[in-house]
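Asks: Please read through the structure below; I'll follow up with questions.
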Amino acid sequence: IVKFILNVILIRQPSINIYGAPISSIVCQIISFSYSFTVLCKNITVQYDFKKYILKPLLATILMGGVALVLYKLLYTLCGINIIALLVSIAVSAVVYFAFVLLFKILTEDEIEQMPSGQKLLGLIKKVGFYR
């Protein structure tokens with residue numbers, strides 16, 4: 001209901017127009033997360049490291065988004081083909097995000113090993129020098 005109301009209000013604003021749909025989706029996701037997280041914290045005592053699970057992933061996401069935006073605009077300016085600029089910037093952004101996850105040591109060695117082909121991946125990561 002909240003998303004519908006936000007969509008109606010935001011999309012009708014001439015300055016926002018169609019961009020109201022993603023804005024309302026983001027707002028609803030934030031509300032849903034906040035409510036679920038609050039209920040979870042009240043009912044279950046969970047110790048978590050704010051820096052590791054919130055701050056570092058948020059920083060990696062912001063940096064990846066910046067790289068994606070700059071790369072997309074650069075590629076679109078150079079080649080003028082939207083789909084190429086989009087696909088290349090998405091692929092590079094995924095690699096950049098994974099590199100920041102490794103650089104910030106968001107994942108432990110055990111968590112990397114639990115991923116598909118995790119032992120091979122961990123060996124490669126250690127060889128490159130992200131983990132020792």
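The values are calculated or read from the model by the stated rules, or taken from the named source; none is laboratory data. The shown structure was predicted, so the numbers you read here are calculated from the model rather than taken from an experiment. Cβ atoms come from the backbone with ideal geometry, glycine included; neighbour counts cover every protein chain shown. Side chains are part of the model used for accessible areas, which takes the heavy atoms of the whole protein and leaves out ligands, DNA and RNA. Shrake-Rupley method; radii C 1.70, N 1.55, O 1.52, S 1.80 Å.
Asks: What number of residues within segment 1-15 are open to solvent by 80 Å² or more (accessible area, probe 1.4 Å) and not β-branched (Val, Ile, Thr)?
Replies: 6
Asks: Shifting gears a bit: Search segment 76-98 for residues that are farther than 23 Å from Ile62 by Cβ and pair each with any residue that is of a type in the set (A, V, I, L, M, F, W, C) and part of a helix (DSSP H, G or I) when their beta-carbon atoms are under 8 Å apart and the residues are at least 6 apart or on different chains.
Replies: Sorted first by the residue in segment 76-98, then by its partner, the pairs are Cys79/Ala85; Ile84/Leu75.
Asks: Among the residues that make up segment 96-115, is at least one of them open to solvent by 80 Å² or more (accessible area, probe 1.4 Å), closer than 28 Å to Ile11 by Cα and part of a helix (DSSP H, G or I)?
Replies: Checking segment 96-115: not a single residue is open to solvent by 80 Å² or more (accessible area, probe 1.4 Å), closer than 28 Å to Ile11 by Cα and part of a helix (DSSP H, G or I).
Asks: Looking at segment 76-86 only, could you name the residues that are exposed (fewer than 13 other Cβ atoms within 10 Å of the Cβ) and either touching a helix residue (DSSP H, G or I) at 6+ places or on another chain (Cβ under 7 Å) or within 17 Å of Gly66 (Cα to Cα) (or both)?
Replies: Result: Thr77, Cys79, Asn82.
Asks: If you don't mind, there's one more thing I want to ask. Test Tyr72 against the stated conditions and say whether it is surrounded by 10 or more Cβ atoms within 10 Å (Cβ to Cβ), of a type in the set (Phe, Trp, Tyr) and touching a helix residue (DSSP H, G or I) at 6+ places or on another chain (Cβ under 8 Å).
Replies: yes
Asks: Return yes when Lys56 is closer than 27 Å to Gly123 by Cβ and part of a helix (DSSP H, G or I) and no when it is not.
Replies: Yes.
Asks: Quick one: is Ile18 surrounded by fewer than 10 Cβ atoms within 10 Å (Cβ to Cβ) and free of Cβ contacts under 8 Å to residues at least 24 places away in the same chain?
Replies: The answer is yes for Ile18.
Asks: Do you know which of the residues in segment 35-50 that are of a type in the set (Val, Ile, Thr) and not in a helix (DSSP H, G or I) is most open to solvent (accessible area, probe 1.4 Å)?
Replies: Taking the candidates together, the pick is Thr45.
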